[in-house]
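The values are calculated or read from the model by the stated rules, or taken from the named source; none is laboratory data. It should be emphasised that the depicted structure is a prediction, and the values quoted were computed from it without experimental measurement. We place every Cβ from the backbone using ideal geometry, glycine too, and count neighbours over all the protein chains shown. SASA here: full protein model, heavy atoms, side chains in, ligands and nucleic acids out. Shrake-Rupley method; radii C 1.70, N 1.55, O 1.52, S 1.80 Å.
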Amino acid sequence: MDAMTFVLFGATGDLAKRKIFPALYNLFVDQKLPSSFELVGLGRRQFQESEFQAQVEKSLHSFSRRPVTDPDSVAQFLSMIRYVELNVGEPADYVKLNDRISQREQQLGLPQNRVFYMSVGPELFGPIVSNLKASGLSEVTGWKRLVVEKPFGHDLVTARELNASLSRVFDEHETYRIDHYLGKPMVQNLEVLEYSNPILQALWRNRYVANVQITAAETVGVESRAGYYDHSGALRDMFQNHMLQMLMMLAMQLPKHSTADDVGFKKRKVMESLRALNPEDIAANVVRGQYAAGIMGGQEVVGYKDEPGVAPNSTTDTYIAARLWIDDYFWSEVPFYIRTGKRMKSKTTRIVIEFKDPSDKFTRTNETTTPNLLIIDIGPEAGMTFQINMKNPLTGKLEAVPIHFGSDESNVPEAYEKLIGDMMAGDSTFFAHWDEVELAWQWVEPILQAFEANEVPIHSYPAGSNGPLAAKQLLEADGYHWWLDE
Ligand code: BG6
């Protein structure tokens, strides 16, 4: 891997502490960092380098997936980490930073390969990037890469504005938009499952699939994030990005080569085939929910409007369910039901593919069959289950039998490890490309407007439940139900 300087904006923030440093440390232990590597952490506060390194070490102890037991490897890792104080709004600070990084590159004989990682609020992405250009930091003799976290825009217009400002300095192939769901092993497995299993390849189409259900249910509420979440809601926070990215990965047709360009092209095709919702169809296809007080794990929890920092009359969605149609050759006529919500009964991210059931009665015994299911568990446990029908040898009765494949490996690399590793290797396959992001905002936009205009009812659901009744009815109207709701 190329030698590089990794410039981290927001190095003292929460994401750096919980995800970025632990991911880098685990990559280091796996010998997946380049042999010449320097990380420059940037923050507003004044720190001695040793103080900052001690903070990083603490974060490894708290959040590394591997236990941190070898002091030598920790010391070696920390020795690659510098700290520089920087005021993001102060152009002179960037000029100083550029001098410092250039000098260091010369000293260490590092080529000018620079990663700029924006672990900061999205309102700072644009200003930072213009300062990178003005100061010369982005003028390199090697390569440069920009990593941005979500949210990428607040709606279609702001996402386009943001992209325009970033792309004045970084080309699309230099821009890595993180969607951590794309780093989850089972989401990455979707492509592999289809590639490597002719059985699935044959079945992955409307001829055999009755419907597809994608669920991302969380037990947590808004926590301490009301300042952000109350202006965002589930549609922006989860649906526009993670849920639609999972849909793309699942529904895309296999590209000939699994390269970033080819995968991106096939994902874009899915979004282009996604049937746009007309304003008059939104209320019939989208369920908006907000959690009310309820019981979770035996404890009473407050409703969304009573959470600290939430406006008492808030109409923010903490739950979304939607019925979508992909009008292409393979998926036309197959409804995709997608839902995500906070304060639900259990933490589960799961895809269920329900197959058509042409033999609804086993004629000899007149017993009813259950549809075959393919269940892909994305998290917290990764696994896959096939549900098929068999005669129970003891009772002689027809039964739906699960065949389960799970990994015993509890210590698999975290999404951030995978994504940061790919980015350092210059592979953007599992990142959100601009076309996808733009098309996703385009699809979501009429729903945002309908919410704003209050044209879609807000259904309340008790914390600890499976969501509003209306989401159940959405499927019942088509003769289906959500599988595996406890
Ligand atoms: C984040 C959202 O992107 O994903 C959070 O901002 C959400 O609101 C989180 O809780 C869920 O991620 P995971 O990996 O726990 O499913």
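Of the DSSP beta bridges with both residues in the chain, give the percent that are antiparallel, rounding to the nearest 5.
Working: 46 of 82 bridges.
If we restrict to bridges inside the chain, about 55 percent are antiparallel.
Going highest first, how would you order 30-38, 415-423, 204-212 by mean Cβ packing within 10 Å?
415-423, 204-212, 30-38
Mind giving me the FRET efficiency for E49 and A453? R0 is 51 Å, r the Cβ-Cβ distance, nearest 0.05 is fine.
Numbers: r = 53 Å, r/R0 = 1.04.
Working from the Cβ atoms, E equals 0.45.
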Measure nothing fancy, just the Cα-based angle from helix 49-63's long axis to the longest principal axis of the chain, in degrees from 0 to 90, nearest 10. 20
Neighbours of L244 by Cβ distance under 11 Å: Lys/Arg at +1, Asp/Glu at -1, summed charge -1
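Calculate for the chain the 222 nm mean residue ellipticity that helices alone would give, adding -39,500 (n - 2.57) per DSSP H run of length 4 or more and normalising by residue count, nearest 500 deg cm²/dmol. Provide the component values of the computation, followed by the final result.
Values: 15 runs with 161 residues, N = 486.
-10000 deg cm²/dmol, from helical runs alone.
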Distant-in-sequence amide H partners of S460 (H built 1.01 Å from N, under 5 Å): Q290
Packing-based ranking, highest mean first, of 66-72, 274-280 given that Cβ atoms within 10 Å are counted: 274-280, 66-72
Rounded to the nearest 10 degrees, what's the angle between the helix 260-273 long axis and the longest principal axis of the chain, both from Cα atoms, 0 to 90? 40
For region 457-471, what does the Karplus curve 6.51 cos²θ - 1.76 cosθ + 1.60, with θ = phi - 60°, yield as ³J(HN,Hα) per residue in whole Hz, taken in order and with x for Gly and Pro? x, 9, 8, 8, 9, x, 3, x, 9, 8, x, x, 4, 4, 6
Would you work out which of V56, Y94, P67 lies farthest towards the positive end of the dipole of region 4-149? Charges go on Cβ: Lys and Arg +1, Asp and Glu -1. P67
Amide hydrogen neighbours beyond the local backbone of R177, cut-off 5 Å, H modeled: V148, A432
Using a cut-off of 26 Å between alpha-carbon atoms, which lysines can reach K397, once sequence neighbours fewer than 8 places away in the same chain are excluded? K356, K361
For region 92-109, in residue order, the Karplus 3J(HN,Hα) values (coefficients 6.51, -1.76, 1.60; θ = phi - 60°; whole Hz; Gly and Pro = x) are 4, 5, 6, 5, 4, 4, 4, 4, 5, 5, 4, 4, 4, 4, 5, 3, 8, x
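With every protein chain kept in the model, how would you rank K266, K96 by accessible area, 1.4 Å probe, largest at the top? The partial results should precede the final answer.
Numbers: K266 55, K96 135 Å².
So, going from the largest accessible area down, we get K96, K266.
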Taking a probe of 1.4 angstrom, what is the accessible area of F330 in Å², to the nearest 10? 50
Below 15 angstrom from the Cβ of K345, what's the summed charge of the other residues (Lys, Arg +1; Asp, Glu -1)? +3
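Efficiency by 1/(1 + (r/R0)^6): what FRET value for R168 and M390, r their Cβ-Cβ distance, R0 = 60 Å, to the nearest 0.05? Could the numbers behind the result be given before it?
Numbers: r = 61 Å, r/R0 = 1.01.
After rounding to 0.05, the efficiency reads 0.50.
Determine the gain in length on full extension of the stretch F330-D155; use 0.36 nm per residue of separation and subtract their C-alpha separation, reporting nm with one decimal.
Details: separation 175, 0.36 × 175 = 63.00 nm, distance 2.98 nm.
Stretched out fully, the F330 to D155 stretch lengthens by 60.0 nm.
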Determine the sum of side-chain charges near L146: Lys and Arg each +1, Asp and Glu each -1, restricted to other residues whose C-beta is under 13 angstrom from that of L146. +2
